[in-house]
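Read the structure below first, then the notes.
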Amino acid sequence: MEFTKYKQFINGAWVDAADGGAWQVLNPATEAVVAEVPFCHTGADVQAAIGAAAAAFPGWRSTNAFQRAQLLKKVAEAMRKNASECARVTTEESGKPFIEAKGEWIVAADLFEWFAEEAKRSYGTVIPSSRNNKRMSVIWQPVGVVGVITAWNFPVWNLARAWGAALAAGCCIVAKPSEYTPLTAMLLVDIIAQQGFPAGVVNLVSGDAAAIGDALMDAPEVRKVHFVGSTRVGKILLDKASRTNTRLSLELGGNAPVLIFPGVDIEKVAAASVAAKFRNCGQVCVSPQRFLVHQDIYKPFSEAVARFASQYKVGNGLEEGVQVGPLINRKQQQHVAALVETAVAGGAGVLAGGAVPDWLPQGYFYRPTVLGGIDEASPVFSQEAFGPVMQLTQFDSFDKAIALANATEYGLAAYVWTNDLNTAIHAGEALEFGIVGINEWTPHATEAPFGGWKQSGQGSELGHDGIFEYMEKKLISIGGL
Ligand code: ADP
């Protein structure tokens, strides 16, 4: 497939920034420039995109779900067909190992297919009326123009879960990808554009985040904003949503606990823990972060994870066999280093890593790190690391484990490892998180709901419910019959 060069996409045309601004996308593994993209410093381009989306909406909403599904399935097929080529670019701008990037494109393709099918099942209801001369039914209709602001950690999956659902529902979108990973978004738009969507249905802008965010929140035509990113920015959007009562879906931070109970196969769980922790260099909102280990198995478990973590190969994600790439940028690398330093100053033990790899002078690398002896008072316990840091804390009873696990403002994912049915069921019910994985690391799935409790977010994505986040419920009542 021929890809267009990297630009914004507004009303069916590839365009530069209205103010001529540009942004260099860096490869976090080499610090070399991957490409230059437009970057608008004002709200001009996003205003044009909102106008285009609003103009396209009446036509797009009147297509039926089967027609939209046909186009969306073509998108999914093209994504699968071009997954290797696209994943290369995703690795170059995000740093994640190629194999992870390719897997991400495939799963993102599944999302388009899933929502294409779900749109056909966005059933309404007929309500039995208390009056004989009246009939009532509830139908679902697309919410309207949707703004989508996303983070860099899953450059294509983050887009697909919102774009797929919104387009399937009959909404038009104005999307702003992270400034660190715009190329992946531009590739996806290119794939979409080549399948025959009407102009204005999908628009992509690149530029100043606050200016774009403000324009989206101010515009009455933008009925909903889907956001993936930090809790800090999520709260800014929550404040701004009051201006035009913009509906919000928020997928924010996490600080996932992992409860490990006695009786499990320590070597096996340790190996899988390390693989789960260092996936995407720990830059995952559902990343296992606070490992809470029963005191009876703490020593052998900590030794095993330290051994496995030390064996992980760090490097450029395009190199064969690399398991851990760089962090996304210098700021994130410094954040992780500072967090580890503070933990160590507070008494934590470094069981593996704990430093920038001195054999990789270029790029934003940090060694897979295991910290032992962490307690509730340590900043690393309460802050989201969003990096390759595994931390171990001991517990002595079920109740203490649950209390430690719930001692966070976040509530996205939690994990439990046990061979005891009672422990599994009671822990699953007691944890204050939207997603609980028991004896597994990937409880999230295209076909299952995904959403955070507490300060981790609002709304439920994916699964059967996901599409309804982009639809409004309408009661039609016929009286006087
Ligand atoms: P992260 O730390 O994961 O990058 P951010 O919340 O900083 O998370 O960024 C997530 C997305 O939000 C990015 O696309 C970023 O450009 C955007 N963003 C940052 N600040 C704002 C803002 N004030 N309003 C709207 N979007 C913003």
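Before moving on, here are some points about what is shown:
- Tally of residues being in contact with a strand residue (DSSP E or B) (Cβ under 7 Å, 6 or more places away or on another chain) and either closer than 19 Å to residue 258 by Cα or within 16 Å of the ligand (Cβ to nearest atom) (or both) across segment 298-338: 7
- The residues listed here are 405, 424; of these, the one that is surrounded by 24 or more Cβ atoms within 10 Å (Cβ to Cβ) and not in a loop (DSSP other than H, G, I, E, B) is 405.
- Residue 233 being at pLDDT 95 or above and assigned to a helix (DSSP H, G or I): yes
- Residue among 117, 92, 85 that alone is farther than 22 Å from residue 322 by Cβ, part of a helix (DSSP H, G or I) and out of contact with any Asp or Glu (no Cβ under 6 Å at 6 or more places or on another chain): 117
- Within segment 448-466, the residues that satisfy the criterion of being within 21 Å of residue 117 (Cβ to Cβ), open to solvent by less than 60 Å² (accessible area, probe 1.4 Å) and either in a loop (DSSP other than H, G, I, E, B) or out of contact with any Gly (no Cβ under 9 Å at 6 or more places or on another chain) (or both) are 448, 451, 459, 460, 462, 463.
- The requirement of being more than 16 Å from the ligand (Cβ to nearest atom) and part of a loop (DSSP other than H, G, I, E, B) is fulfilled nowhere in segment 272-289; no residue meets it.
- Count of segment 7-29 residues which are closer than 27 Å to residue 283 by Cα and crowded, with 16+ Cβ neighbours inside 10 Å: 8
- Neighbours by Cβ (under 9 Å, 6+ apart or cross-chain): first from segment 321-343, among the hydroxyl-bearing types (Ser, Thr, Tyr); second assigned to a helix (DSSP H, G or I): 342/379; 342/380
- Qualifying residue in segment 437-447 (condition: part of a strand (DSSP E or B), under 23 Å from the mean Cα position of the chain (by Cα) and surrounded by fewer than 21 Cβ atoms within 10 Å (Cβ to Cβ)): yes
- Residue check, residue 101 more than 16 Å from the ligand (Cβ to nearest atom), assigned to a helix (DSSP H, G or I), among the small types (Gly, Ala, Ser) and over 19 Å from the mean Cα position of the chain (by Cα): no
- Flag for residue 107 being touching a residue at least 60 places away in the same chain (Cβ under 8 Å) and assigned to a strand (DSSP E or B): no
Residues are listed down the side, and each one gets a yes or a no for (1) more than 30 Å from residue 64 (Cβ to Cβ); (2) in a loop (DSSP other than H, G, I, E, B); (3) away from the ligand (no atom under 15 Å from the Cβ):
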position: 153; (1), (2), (3): yes, yes, no
position: 166; (1), (2), (3): no, no, yes
position: 180; (1), (2), (3): yes, yes, no
position: 183; (1), (2), (3): yes, no, no
position: 192; (1), (2), (3): no, no, yes
position: 195; (1), (2), (3): no, yes, yes
position: 212; (1), (2), (3): yes, no, no
position: 227; (1), (2), (3): no, no, no
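The values are calculated or read from the model by the stated rules, or taken from the named source; none is laboratory data. Predicted model only: the values in this text are computed from it and were never measured. No Cβ is skipped: glycine too gets one built from the backbone with ideal geometry, and neighbour counts run over all protein chains shown. The protein model used for the area step is the full one, side chains on, heavy atoms only, and it has no ligands, DNA or RNA in it. Shrake-Rupley method; radii C 1.70, N 1.55, O 1.52, S 1.80 Å.
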